[in-house]
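Colleague: Have a look at the structure that comes next, please.
The values are calculated or read from the model by the stated rules, or taken from the named source; none is laboratory data. Nothing here was measured: the structure is a model prediction, and the numbers come from that model. Neighbour counts are summed over all protein chains in view; Cβ atoms, including those assigned to glycine, are modelled from backbone coordinates with ideal geometry. For the accessible areas, the whole protein counts, side chains as well, though only heavy atoms, and no ligand, DNA or RNA atoms are used. Shrake-Rupley method; radii C 1.70, N 1.55, O 1.52, S 1.80 Å.
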Amino acid sequence: MPKKQVGLLGGNFNPIHQAHLMIAEQVGQKMGLDEVHLLPSYLPPHVDEKKTIDSTHRLAMVKLAIEDNSFLSVDTRELARKGKSYTIDTLLEMTAENPEIEYYFIIGGDEVAYLPKWHRIDELIRIVNFVGVKRAGYTLESPYPIIWVDVPEIQLSSSYIRKQVKQGCSIRYLVPERVREYIAEEGLYLDEL
């Protein structure tokens with residue numbers, strides 16, 4: 001029986017936005033994956049409080065963002081583990097728990113150049129497939145096997161959204177509506193630097 005194929009998209013999701021969701025959906029569909037899991041990372045305690053928000057808020061926003069899409073789900077293991085999470089530790093845990101699943105780790109074309117610096121990368125590439133999202137201006141060359149996927153390019157970042165909120169500007173259509181409402185209700189990002 002063929003292995004189940006699951007995509008993984010990691011990130012701080014501070015906050016999750018339409019580009020994250022579009023990448024997860026597009027890559028998952030184009031690759032014919034069975035599902036895609038969003039993998040929020042836990043921020044270590046020494047990070048300046050003002051530069052991030054509590055992981056409970058980030059997780060709540062991810063859940064709101066994907067609640068109407070059964071193709072996407074959230075994996076909270078890095079939040080539960082706390083501290084610094086290395087992808088290798090997460091993938092070793094996942095593959096031990098689910099040997100019947102083949103994992104595809106989705107990264108931006110800009111991140112591919114950093115793969116040689118990833119913790120235990122040579123071990124990592126043996127247990128996970130890397131999927132690179134093509135980005136204009138970034139090379140498709142890598143010493144590692146990368147499956148390249150074309151998705152529409154949206155110039156959108158969490159830091160841009162946080163800045164818009166602080167300046168009192170609209171973030172409608174930049175984030176899912178439920179996420180926009182949550183940010184407003186919770187008063188998030190108003191004291192961003």
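Colleague: Of everything in the stretch 152-170, what is buried (at least 19 other Cβ atoms within 10 Å of the Cβ) and not basic (Lys, Arg)? Give them in sequence order.
Modeller: Ser158, Ile161, Val165
Colleague: Would a scan of the stretch 90-104 turn up a residue that is of a type in the set (Gly, Ala, Ser), out of contact with any strand residue (DSSP E or B) (no Cβ under 7 Å at 6 or more places or on another chain) and under 25 Å from Lys134 (Cβ atoms)? Write out each step before concluding.
Modeller: If we filter the stretch 90-104 for residues that are of a type in the set (Gly, Ala, Ser), which is where we start, we get 96.
Within this subset, residues satisfying the condition of being out of contact with any strand residue (DSSP E or B) (no Cβ under 7 Å at 6 or more places or on another chain) are 96.
Now narrow it down to the ones that are under 25 Å from Lys134 (Cβ atoms): none.
Scanning the stretch 90-104, I find no residue that is of a type in the set (Gly, Ala, Ser), out of contact with any strand residue (DSSP E or B) (no Cβ under 7 Å at 6 or more places or on another chain) and under 25 Å from Lys134 (Cβ atoms), so the answer is no.
Colleague: Moving on. State whether the residues of the stretch 171-186 include one that is assigned to a helix (DSSP H, G or I), out of contact with any helix residue (DSSP H, G or I) (no Cβ under 7 Å at 6 or more places or on another chain) and farther than 25 Å from Ile66 by Cβ.
Modeller: There is no residue in the stretch 171-186 that is assigned to a helix (DSSP H, G or I), out of contact with any helix residue (DSSP H, G or I) (no Cβ under 7 Å at 6 or more places or on another chain) and farther than 25 Å from Ile66 by Cβ.
Colleague: Could you tell me whether the stretch 31-38 includes any residue that is surrounded by fewer than 18 Cβ atoms within 10 Å (Cβ to Cβ), at pLDDT 95 or above and among the hydrophobic types (A, V, I, L, M, F, W, C)?
Modeller: Within the stretch 31-38, one or more residues are surrounded by fewer than 18 Cβ atoms within 10 Å (Cβ to Cβ), at pLDDT 95 or above and among the hydrophobic types (A, V, I, L, M, F, W, C).
Colleague: Among (1) among the hydrophobic types (A, V, I, L, M, F, W, C); (2) open to solvent by 40 Å² or more (accessible area, probe 1.4 Å); (3) touching a residue at least 24 places away in the same chain (Cβ under 8 Å), where does Ala96 come up short?
Modeller: All conditions are met except number (3).
Colleague: Here is a follow-up. Would you mention how many residues in the stretch 72-85 are under 15 Å from the mean Cα position of the chain (by Cα) and part of a loop (DSSP other than H, G, I, E, B)?
Modeller: Counting residues in the stretch 72-85 that are under 15 Å from the mean Cα position of the chain (by Cα) and part of a loop (DSSP other than H, G, I, E, B) gives 3.
Colleague: Considering every residue within the stretch 139-156, establish whether at least one is out of contact with any Asp or Glu (no Cβ under 7 Å at 6 or more places or on another chain), more than 21 Å from Ile107 (Cβ to Cβ) and at pLDDT 95 or above.
Modeller: So far as the stretch 139-156 goes, no, none of its residues is out of contact with any Asp or Glu (no Cβ under 7 Å at 6 or more places or on another chain), more than 21 Å from Ile107 (Cβ to Cβ) and at pLDDT 95 or above.
Colleague: Would you be able to tell me the number of residues in the stretch 45-76 that are modelled with pLDDT of 95 or more and open to solvent by less than 80 Å² (accessible area, probe 1.4 Å)?
Modeller: Of the residues in the stretch 45-76, 16 are modelled with pLDDT of 95 or more and open to solvent by less than 80 Å² (accessible area, probe 1.4 Å).
Colleague: Now for a different question. Identify the residue in the stretch 99-126 that is under 17 Å from His37 (Cα atoms) and charged (D, E, K, R) and, among all such residues, is most open to solvent (accessible area, probe 1.4 Å).
Modeller: The qualifying residue most open to solvent (accessible area, probe 1.4 Å) is Glu100.
Colleague: Considering the stretch 90-123 alone, what residues qualify as being over 23 Å from His20 (Cα atoms) and either part of a helix (DSSP H, G or I) or in contact with a Pro (Cβ under 6 Å, 6 or more places away or on another chain) (or both)?
Modeller: Leu92, Glu93, Thr95, Ala96, Glu97, Pro116, Lys117, Ile121, Asp122, Glu123
Colleague: Condition first: in a loop (DSSP other than H, G, I, E, B) and of a type in the set (D, E, K, R). Now tell me which residues in the stretch 124-157 satisfy that.
Modeller: If the condition is that a residue be in a loop (DSSP other than H, G, I, E, B) and of a type in the set (D, E, K, R), then Lys134, Arg135, Glu141, Asp150, Glu153 are the ones that fit.
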